[in-house]
1. Can you figure out the FRET efficiency of B:ARG18 with B:ASP111, using R₀ = 22 Å and their beta-carbon distance, to the nearest 0.05?
2. Over chain A, what is the relative contact order in whole percent, taking alpha-carbon pairs under 8 Å and six or more residues apart?
3. Whole-Hz ³J(HN,Hα) for each residue in the stretch A:72-77, computed from phi via Karplus 6.51 cos²θ - 1.76 cosθ + 1.60 with θ = phi - 60°, x for glycine and proline: what do you get?
4. Kirkwood Rh, the stretch B:8-139, all Cα pairs: how many Å?
5. With the crude spin-label approximation of a point 7 Å out along Cα→Cβ, what separation in nm comes out for A:SER25 versus A:ARG93?
6. What's the whole-number percent of alpha carbon pairs in the protein assembly as shown lying beyond 26 angstrom?
7. Given R₀ = 35 Å, FRET efficiency for A:LYS106-B:SER122 by Cβ-Cβ distance, to 0.05?
8. For the residue pair B:MET76 and A:GLU59, what label-to-label distance in nm results when each label sits 7 Å from Cα along the Cα-to-beta-carbon direction?
Amino acid sequence: MGKAYILLADDEPNVLLTLKLVLESDGYEVVTADSAATAIALMNQPRRFDAILTDLNMEKEDIGLDVAREAAKLLPRPAIFIITGFASIENARAALKIQVEHFATKPIDLNDLMLTLNRLLHGRPSVGIQEGLIT
Amino acid sequence: MRNTAWQKQVLIVHPDLRILSSYQSLLSGNNFSVVVARDIPTTLLAITQHHCDLAIISSSIAEAGDGWTVAAVIKMAFPRSFIAVLAPGQDVLTLQAAINHGVQEIYDSEDSPDEVVKAILSSSTRNEAAADQTRVSHLQ
């Protein structure tokens with residue numbers, strides 16, 4: 001049985017750890033990155049990610065959009081989530097243009113985040129959820 | 001009788017009959033097969049009976065903001081469709097609603113149907129080209 005793989009990018013160690021624990025408790029396999037550069041490097045490795053969750057402001061302002069753009073080029077395309085405490089018309093419009101699946105503002109509503117993640121991944125082929133791993 | 005087999009299908013959802021009529025006329029002229037709905041029950045019926053390549057939806061059909069949910073339902077039924085929502089203004093919350101409901105583009109409710117249709121046709125063509133390019137680059 002397969003698991004759904006998630007790449008989680010955030011430069012705040014506490015956020016990274018908390019989200020990792022929450023996602024793992026729901027049955028996901030989580031790989032973390034503490035910068036956009038690390039996240040992009042991980043995306044270019046053979047491992048396939050089913051979802052990519054990224055903060056917006058890491059090495060610099062709105063660099064999470066670069067992570068989202070790189071993620072959008074992957075095939076099969078992972079579900080892309082942007083999580084930010086600094087939403088603006090400019091970065092939200094850029095996220096809409098990239099066609100990310102979810103745009104969440106901090107403080108994160110974990111229930112909403114998990115519901116959306118489960119719904120989006122549930123419909124994807126070859127993800128563990130389909131095999132009954134995640135209920 | 002018109003052959004609609006190759007025509008793209010558009011669903012327009014708006015409570016204002018005059019606006020519906022404008023969009024219907026403009027899109028028929030651009031070779032779309034057009035289905036219109038003024039309320040949510042008719043929209044749901046249309047989803048069960050017609051394919052949808054493009055949807056243009058008012059963000060407020062019977063109540064403020066109910067168009068976003070309709071957009072999300074259409075996206076779930078037709079994942080490859082291009083969905084445009086007509087909303088009053090473009091603030092962060094509107095953009096966030098668009099993203100989180102699977103909408104491709106938002107336009108100001110005050111924009112003329114002519115402007116919106118031109119922008120949608122240009123935007124949806126760009127989206128298709130980008131999707132094709134991504135597929136090709138991954139095949140190489």
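Every number here is computed from the coordinates shown, using simple stated rules; none is lab data. Since the model is a prediction, treat every value here as computed from it, not as a measurement. Cβ: placed from backbone, ideal geometry, glycine included. Neighbour counts: every protein chain shown.
1. Numbers: r = 15 Å, r/R0 = 0.67.
Once the sixth-power term is evaluated, E becomes 0.90.
2. Values: 222 pairs, mean separation 33.6, N = 135.
Across chain A, relative contact order equals 25 percent.
3. With the stated coefficients, the stretch A:72-77 comes to 5, 7, 6, 10, x, 6 Hz.
4. On the way: mean 1/r = 0.0676 Å⁻¹.
Value: 14.8 Å, from the Cα pair sum.
5. Placing both labels 7 Å beyond Cα along the Cβ direction yields 4.0 nm.
6. 45 percent
7. Numbers: r = 35 Å, r/R0 = 0.99.
Approximately 0.50, to the nearest 0.05.
8. 3.9 nm
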